[in-house]
Amino acid sequence: MKKCKIIHINDGTAKVTTNGDRHFVEEYPWAEGLIEGYLNQGYKVKQMIPNYTPNIQGKGEYSFFIGGFTIYMEK
């Protein structure tokens, strides 16, 4: 029988590894460690979905910002 796990991660401690020449890369060591814990328990990542959170600044004024990501895992 399979087990599933759905987790939402919002890691605000990104480490920028590349930023220049129109390239940008950042890593998330804290989130990586969290996910590694699940992988070591036998879970496999099946899907990762970025989350966008709406921000209402005023009547008719909306913006969106990245609010982490959701991961679906199975074991």
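The values are calculated or read from the model by the stated rules, or taken from the named source; none is laboratory data. All values reported here derive from a predicted model rather than from experimental measurement. Positions of Cβ are generated from backbone atoms using ideal geometry, with glycine treated the same way; all protein chains shown enter the neighbour counts. Remember, those area values only see protein heavy atoms, side chains included, never the ligands or the DNA or RNA. Shrake-Rupley method; radii C 1.70, N 1.55, O 1.52, S 1.80 Å.
Please tell me if MET73 is surrounded by 10 or more Cβ atoms within 10 Å (Cβ to Cβ), at pLDDT 85 or above and touching a Leu at 6+ places or on another chain (Cβ under 9 Å). Can you show your working first?
On the way: surrounded by 10 or more Cβ atoms within 10 Å (Cβ to Cβ): yes; at pLDDT 85 or above: yes; touching a Leu at 6+ places or on another chain (Cβ under 9 Å): yes.
Yes.
Report yes if some residue within segment 42-50 is on the phi > 0 side of the Ramachandran plot and open to solvent by less than 70 Å² (accessible area, probe 1.4 Å); otherwise report no. Talk me through it step by step, then tell me what you get.
So in segment 42-50, the residues on the phi > 0 side of the Ramachandran plot come out as 42.
Going one step further and asking which of them are open to solvent by less than 70 Å² (accessible area, probe 1.4 Å), we end up with 42.
Within segment 42-50, one or more residues are on the phi > 0 side of the Ramachandran plot and open to solvent by less than 70 Å² (accessible area, probe 1.4 Å).
Restricting attention to segment 18-31, which residues are open to solvent by less than 80 Å² (accessible area, probe 1.4 Å) and under 26 Å from GLU74 (Cα atoms)?
Residues of segment 18-31 open to solvent by less than 80 Å² (accessible area, probe 1.4 Å): 18, 20, 25-29, 31.
Answer for segment 18-31, where residues must be open to solvent by less than 80 Å² (accessible area, probe 1.4 Å) and under 26 Å from GLU74 (Cα atoms): GLU27, TYR28, PRO29, ALA31.
Please go through (1) open to solvent by less than 80 Å² (accessible area, probe 1.4 Å); (2) farther than 25 Å from LYS2 by Cβ for LYS15 and return the number of the only condition it doesn't satisfy.
(1)
Considering only segment 1-39, state which residues are among the β-branched types (Val, Ile, Thr), within 17 Å of ILE49 (Cα to Cα) and touching a helix residue (DSSP H, G or I) at 6+ places or on another chain (Cβ under 7 Å). Don't jump to the end; show me each part of the working.
From segment 1-39, those among the β-branched types (Val, Ile, Thr) are 6-7, 9, 13, 16-18, 25, 35; that's our starting set.
Subsequent filtering for residues that are within 17 Å of ILE49 (Cα to Cα) retains 6-7, 9, 35.
Selection gives ILE9 alone.
Residue check: is THR53 surrounded by 10 or more Cβ atoms within 10 Å (Cβ to Cβ) and at pLDDT 95 or above?
Numbers: surrounded by 10 or more Cβ atoms within 10 Å (Cβ to Cβ): yes; at pLDDT 95 or above: no.
For THR53, the condition - surrounded by 10 or more Cβ atoms within 10 Å (Cβ to Cβ) and at pLDDT 95 or above - is not met.
Of the residues that sit in segment 1-42 and are of a type in the set (D, E, K, R) and part of a strand (DSSP E or B), which one is farthest from ILE71 (Cα to Cα)? Walk me through how you get there before you give the answer.
Step one: of segment 1-42, the residues of a type in the set (D, E, K, R) are 2-3, 5, 11, 15, 21-22, 26-27, 32, 36.
When the remaining residues are screened for being part of a strand (DSSP E or B), the result is 5, 15, 26-27.
Numbers: LYS5: 8, LYS15: 20, GLU26: 18, GLU27: 16 Å.
Ranking the qualifying residues of segment 1-42, first place goes to LYS15.
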